[in-house]
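These notes concern the structure reproduced below.
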Amino acid sequence: MEFRFLGRSGLKVSAVSYGNWVTHGSQVEAEQAGRCVRAALDAGITTFDTADTYANTKAEVILGEALAGERRESLEIFTKVYFPTGPGGPNDTGLSRKHIHESINGSLKRLKTDYVDLYQAHRYDHFTPLEETMEAFADVVRQGKALYIGVSEWTAEQLRAGHALARELRFPFVSNQPQYNALHRVIEAEVVPTSYELGISQVVFSPIAQGVLTGKYLPGQPPPEGSRATDEASGAGFIKRLVDNDELLTRVQKLAPLAEAEGLTMAQLAIAWVLNNENVATAITGGSRPEQVTANAEAAGRKLSAETLRGIDEALGDAVVTDPALTARSAPTKRLT
């Protein structure tokens, strides 16, 4: 396994990490989830990403149980706060001081740990003053409940403002978690250059585009039975626009010979492509079966040739999304008060 520094910090994370966004608590039962976590550990993965909102807190519970008994110092556990949890009351969401403090306490109980290595703002909160959010994160760090702070899907402007407050409040703001893969490159124009400047790494999700870059979705054919595209609980709606696009799927099939030439599966090629970006500290991979987890981990440390990188660009062509405006995934609306 390859290890990389997280931002301008001394924390090292495994270049391939394991996340349980649409698996634990929804697609995969606890026993199978435990086998997947064991496969990740056996493959050298030490970094695990989750969020309180995944399966409405169940994913954290399952990950905590799966990691129980492991040496805590040998793990990097990440979780997030922002989206609704619990019954969905008026303060069960967002980045207010109240929600952050209640959420970190709940996450620690579910994960069976005294602290998380990285606590992340799951989106930008347009309703709460940024100063309130960052002051609450500073408290969480000073209380020893989180070692580092990160965010997810923040724009370059938002990263810059948050980083300035973190410096003022003297706590480590080290990462951003965006969607990033060979088809979705919206962070490259603005977020990545700003992050380099500020000492922030990318902790990327969806490196294989929810399975689309594995090549298993074929143009003109229905999605394979049991795949994510056939299961609403596993995020079918999230990738519908991709699997319904035959032109895009045809372009993806052109990646097969490139992967073969590199001695990789198409999924491994996609993960290796993401890790080719030096601002990426880790690529979060999932997997509903242990063998998937093991195979994904094998992409760590694989360097793609310049010829292969050019071939990927040529194969995907104008199917690649690059508009920086798509970085922001939570849109502001009018405050009620």
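Each residue of the range 317-326 is assigned a 3J(HN,Hα), and the resulting list reads x, 7, 6, 6, 9, 10, 5, x, 4, 7 Hz, derived from the Karplus form 6.51 cos²θ - 1.76 cosθ + 1.60 (θ = phi - 60°), x at Gly and Pro.
Distances between placed amide hydrogens fall under 5 Å for residue 152 paired with 121, 123, 177, all partners being 5 or more residues away or on another chain. Once the Kirkwood radius over Cα pairs is known for the range 73-199, the Stokes-Einstein relation at 25 °C and 0.890 mPa s delivers a diffusion coefficient of 164 µm²/s. When you restrict to C-alpha pairs under 8 Å that are six or more residues apart and normalise by the size of the chain, the relative contact order lands at 22 percent. Please report the base-10 log of the normalised intensity I(q)/I(0) for the chain, using a Debye sum with one equal scatterer per alpha carbon and no solvent, at each q in 0.06, 0.07, 0.11, 0.13 (1/Å). Values returned for q = 0.06, 0.07, 0.11, 0.13 Å⁻¹ are -0.19, -0.26, -0.68, -0.97.
Using the Karplus relation 6.51 cos²θ - 1.76 cosθ + 1.60 with θ = phi - 60°, the per-residue 3J(HN,Hα) values for the range 10-19 come to x, 7, 9, 10, 6, 4, 10, 10, 10, x Hz, with x marking Gly and Pro. When the surface is traced with a 1.4 Å probe over the full set of protein chains, residue 313 keeps roughly 70 Å² accessible. Computed with every protein chain present, the accessible area of residue 112 is close to 130 Å² [probe 1.4 Å]. P(r) tail for the range 136-210, what percent of Cα pairs lie past 19 Å? The answer is 36 percent, as a whole percent. Packing here is the average count of other Cβ atoms within 10 Å per residue, and on that basis the peptides 5-16, 202-213, highest first, run 202-213, 5-16. Stokes-Einstein diffusion of the range 1-73 at 4 °C, 1.567 mPa s viscosity, Kirkwood radius from Cα pairs, rounded to a whole number: 101 µm²/s.
Note on the chain: helix-only mean residue ellipticity at 222 nm, from DSSP H runs of 4+ residues weighted -39500 (n - 2.57) and normalised by residue number, equals -11000 deg cm²/dmol. Accessible surface comparison of 1, 266, probe 1.4 Å, protein chains only, largest first: the order is 1, 266. Taking amide H positions as modeled 1.01 Å from N, with prolines and chain starts lacking one, the residues under 5 Å from residue 76 and 5 or more places away or on another chain are 47, 48. Based on C-alpha pairs under 8 angstrom that are at least 6 apart in sequence, the range 68-196 has a relative contact order of 22 percent.
The figure for residue 275 is an accessible area of roughly 10 square angstrom, using a 1.4 Å probe on the protein chains alone.
The largest-to-smallest principal axis extents of the Cα set in the range 1-144 are 43, 36, 23 Å.
The values are calculated or read from the model by the stated rules, or taken from the named source; none is laboratory data. Treat the numbers as computed from the prediction; the structure is a model and nothing was measured. Cβ atoms come from the backbone with ideal geometry, glycine included; neighbour counts cover every protein chain shown. Remember, those area values only see protein heavy atoms, side chains included, never the ligands or the DNA or RNA. Shrake-Rupley method; radii C 1.70, N 1.55, O 1.52, S 1.80 Å.
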